[in-house]
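**Q** Submitted below is the structure of interest, expressed as C-alpha cells.
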Amino acid sequence: MHAGQQPLPPSFQHLSLVAGVRAAMHRAPDKIAYRHREQTRTYRDLLNRVDQVTAALTGDLRLVPGQHGAIVGKNSIEYMEIVLGASQAGVALATVNPRLSVPEIVAICDDAGARVIFADPEVAAALRDTALAANPAVITIGPEFEKWLSKARPGTAVPQVKEWDDFTIPYTSGTTGKPKGVCQTHAAFIAAARGGCEFDRLVATDSILSYLPMAWVGDHLFSIAQWLVAGFTINCPESGDTVMTDLREIGPTYYFAPPRVFENLLTQVMIRMEDASAIKRAIFHYFMGVARRCGAQVLDGKPVSAGERIQYAVGNLLVYGPLRNVLGMSRIRVAYTAGAAIGPDLFRFYR
C-alpha cells in the first residue's frame with residue numbers, strides 16, 4: 001500500500017495476471033490455452049505448471065517477493081509458464097532478447113540483480129562460464145528445466161502478489177544508450193489489456209499467432225496480458241522461418257505485425273503474380289483496381305453504385321477471398337501494425 005492510502009477493505013482482492021489464468025481455468029478448464037508445435041496446454045494444465053514454477057522458485061531456490069530473475073529464450077510454452085510462475089512468486093523477470101551477445105545479456109542480468117536465469121541451451125552454457133554479479137542459478141529451458149520442475153511440491157502458501165507489484169522488467173533496445181529496465185506492474189498491463197479487449201471486442205474464441213520476441217514489451221501486451229484478460233488461445237510458430245506457413249495453417253483471428261512483414265507479404269504476392277499466366281494477371285490487376293476504387297466504401301457500409309457492389313462481390317470470389325486464404329488471413333478480424341511508418345499504398349492493399 002502506498003503512503004497516504006486508506007487501508008483496503010478485508011474483502012479486497014488484488015488483480016494479477018496469474019489470476020487471469022485461474023479465471024480462464026474456472027470458465028473452461030479444458031480449453032486450449034497455448035499451442036506450440038505438437039505441444040498444447042489446456043488452462044488446467046497451464047495453471048498446474050505455473051503453480052509448480054512458483055513452488056520451485058520459493059522452495060528450491062528460496063526466492064522471496066521483490067527479488068528479480070531473468071529469462072533469455074525464444075517463444076515457447078515454457079517461457080509463458082516461467083514468467084507467470086515467477087510473477088506469482090513476486091519475482092519479476094527481466095525479459096532479455098536471446099539475439100543479444102553474451103556480454104549484453106550479462107549486463108542486463110547484472111543490472112536487474114537476477115537471482116535466477118532461465119535460458120535456452122546455447123545461452124545457458126555461455127552464462128555458466130561467465131561471472132555474474134548476483135551469482136544466479138542458471139536453469140536451461142528443456143530437460144533440465146523439466147527435471148527441476150518435477151521436484152516442486154505445489155500446495156504450500158504462496159506470497160500475496162499485489163496489483164502494483166512488478167510483473168516483468170522489459171528492457172529498452174539500447175539504440176540511444178545503455179538498455180534500461182522498465183518495471184511493468186500487473187495493474188498497468190491489466191488496464192491496457194482491458195482497454196484493448198473492450199475496444200476490439202476480443203473474446204475467448206479468438207486466437208493469436210505469437211511470433212514476435214517475448215522480450216519486447218508489445219508482445220507482453222498482445223501475447224500475455226490480453227490473452228489472460230480475454231482467455232483466448234495463443235499459437236506459437238515452430239520457428240521464425242515457418243511463421244508464414246504457420247499463419248496459413250493456424251488462421252488466427254487477431255494479428256500484429258510491423259510494416260516490414262506486411263511489405264514482404266505484398267512483395268511475395270506481386271512476384272507470384274508476375275509468374276502467373278496473362279489471364280490471371282489481368283484478372284488480378286482488374287479487381288485490385290476495383291478494390292482501390294470502392295473497396296473501402298463497401299467495407300465501411302458507405303453507399304456505392306450497384307455495379308461497383310457487384311464487381312466487388314465477384315472480385316471477392318475470384319481474387320480477394322483466395323488471396324486472404326493464401327496469406328492465412330481468412331479469419332483475421334483485428335490486425336495491427338506499429339514500429340514504423342506504413343505507406344498509404346500498403347495500407348490500402350490490406351484494407
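The values are calculated or read from the model by the stated rules, or taken from the named source; none is laboratory data. Here the structure is a predicted model, which means the values were calculated and not measured. Note that each Cβ is placed from the backbone with ideal geometry, even for glycine, and that neighbours are counted across all protein chains shown.
Residue-wise test of (1) farther than 26 Å from Arg99 by Cα; (2) among the basic types (Lys, Arg); (3) at pLDDT below 85.
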{"position": "Gly240", "(1), (2), (3)": "no, no, yes"}
{"position": "Phe256", "(1), (2), (3)": "no, no, no"}
{"position": "Pro259", "(1), (2), (3)": "no, no, no"}
{"position": "Leu266", "(1), (2), (3)": "yes, no, no"}
{"position": "Asp275", "(1), (2), (3)": "yes, no, no"}
{"position": "Arg281", "(1), (2), (3)": "yes, yes, no"}
{"position": "Tyr286", "(1), (2), (3)": "yes, no, no"}
{"position": "Gly315", "(1), (2), (3)": "yes, no, no"}
{"position": "Leu327", "(1), (2), (3)": "yes, no, no"}
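**Q** Let me ask something else. Does Val116 count as hydrophobic (A, V, I, L, M, F, W, C) and not in a helix (DSSP H, G or I)?
**A** Values: hydrophobic (A, V, I, L, M, F, W, C): yes; not in a helix (DSSP H, G or I): yes.
Considered against the rule, which asks whether it is hydrophobic (A, V, I, L, M, F, W, C) and not in a helix (DSSP H, G or I), Val116 comes out as yes.
**Q** Just to be sure before I move on: is Ile224 under 17 Å from Val83 (Cβ atoms), touching a His at 6+ places or on another chain (Cβ under 9 Å) and β-branched (Val, Ile, Thr) in the structure I sent?
**A** Values: under 17 Å from Val83 (Cβ atoms): yes; touching a His at 6+ places or on another chain (Cβ under 9 Å): no; β-branched (Val, Ile, Thr): yes.
For Ile224, the condition - under 17 Å from Val83 (Cβ atoms), touching a His at 6+ places or on another chain (Cβ under 9 Å) and β-branched (Val, Ile, Thr) - is not met.
**Q** Within segment 149-171, which residues are out of contact with any Ser or Thr (no Cβ under 9 Å at 6 or more places or on another chain) and at pLDDT 90 or above?
**A** Result: Leu149, Ser150.
**Q** A follow-up question, please. Among the numbered criteria (1) surrounded by fewer than 18 Cβ atoms within 10 Å (Cβ to Cβ); (2) of a type outside the set (Phe, Trp, Tyr); (3) over 24 Å from Thr242 (Cβ atoms); (4) within 20 Å of the chain's Cα centre (by Cα), which single criterion is violated by Val64?
**A** The single condition Val64 does not satisfy is (4).
**Q** Another question, if that's okay. Working only within segment 28-49, note down all residues that are more than 26 Å from Gly240 (Cα to Cα) and of a type in the set (A, V, I, L, M).
**A** Ala28, Leu47
**Q** For the condition of a type outside the set (D, E, K, R), touching a Pro at 6+ places or on another chain (Cβ under 6 Å) and over 21 Å from Arg44 (Cα atoms), what is the one hit in Gly113, Gly66, Gly174, Gly90?
**A** On the way: Gly113 fails: touching a Pro at 6+ places or on another chain (Cβ under 6 Å); Gly66 fails: touching a Pro at 6+ places or on another chain (Cβ under 6 Å); Gly174 fails: touching a Pro at 6+ places or on another chain (Cβ under 6 Å).
Among Gly113, Gly66, Gly174, Gly90, only Gly90 is of a type outside the set (D, E, K, R), touching a Pro at 6+ places or on another chain (Cβ under 6 Å) and over 21 Å from Arg44 (Cα atoms).
**Q** Follow-up. Considering only segment 195-203, I want to know if a residue exists there that is in contact (Cβ under 8 Å) with a residue 24 or more places away in the chain, in contact with a Ser or Thr (Cβ under 6 Å, 6 or more places away or on another chain), within 30 Å of Asn325 (Cα to Cα) and charged (D, E, K, R).
**A** No, segment 195-203 contains no residue that is in contact (Cβ under 8 Å) with a residue 24 or more places away in the chain, in contact with a Ser or Thr (Cβ under 6 Å, 6 or more places away or on another chain), within 30 Å of Asn325 (Cα to Cα) and charged (D, E, K, R).
**Q** Next question. I need the helices (runs of 4 or more DSSP H) fully contained in segment 217-315, keeping only those with at least 1 residues that are in contact with a Leu (Cβ under 7 Å, 6 or more places away or on another chain) and at negative phi.
**A** Values: elements: 217-220, 226-230, 243-250, 259-274, 278-290, 296-299, 306-315.
Answer list for segment 217-315: 217-220, 226-230, 243-250, 259-274, 278-290.
**Q** Could you list, ordered by first residue, the pairs with Cβ atoms under 9 Å in which the first is in segment 210-227 and crowded, with 19+ Cβ neighbours inside 10 Å and the second is part of a helix (DSSP H, G or I) and among the basic types (Lys, Arg), at least 6 apart or interchain?
**A** These pairs meet every condition: Ala225/Arg194; Gln226/Arg194.
**Q** Among the residues in segment 88-101, are any more than 30 Å from Val161 (Cα to Cα), of a type outside the set (S, T, N, Q) and assigned to a helix (DSSP H, G or I)?
**A** Step one: list which residues in segment 88-101 are more than 30 Å from Val161 (Cα to Cα), which gives 99-101.
Retained after the next criterion (residues that are of a type outside the set (S, T, N, Q)): 99-100.
Restricting the remaining residues to those that are assigned to a helix (DSSP H, G or I) gives none.
Checked segment 88-101: no residue is more than 30 Å from Val161 (Cα to Cα), of a type outside the set (S, T, N, Q) and assigned to a helix (DSSP H, G or I).
**Q** Going through Val326, Val304, Val298 one at a time, which residue ends up being under 34 Å from the mean Cα position of the chain (by Cα) and under 17 Å from Arg351 (Cβ atoms)? If you could, list the steps in order and put the result at the bottom.
**A** On the way: Val326 fails: under 17 Å from Arg351 (Cβ atoms); Val304 fails: under 34 Å from the mean Cα position of the chain (by Cα).
Within the list Val326, Val304, Val298, the selection yields Val298.
**Q** Inside segment 17-31, can you point out the residues that are outside any helix (DSSP H, G or I) and either surrounded by 16 or more Cβ atoms within 10 Å (Cβ to Cβ) or of a type in the set (Ser, Thr, Tyr) (or both)?
**A** Our first condition is that a residue be outside any helix (DSSP H, G or I); within segment 17-31, this holds for 28-31.
Listed by number, the list holds a single entry, Lys31.
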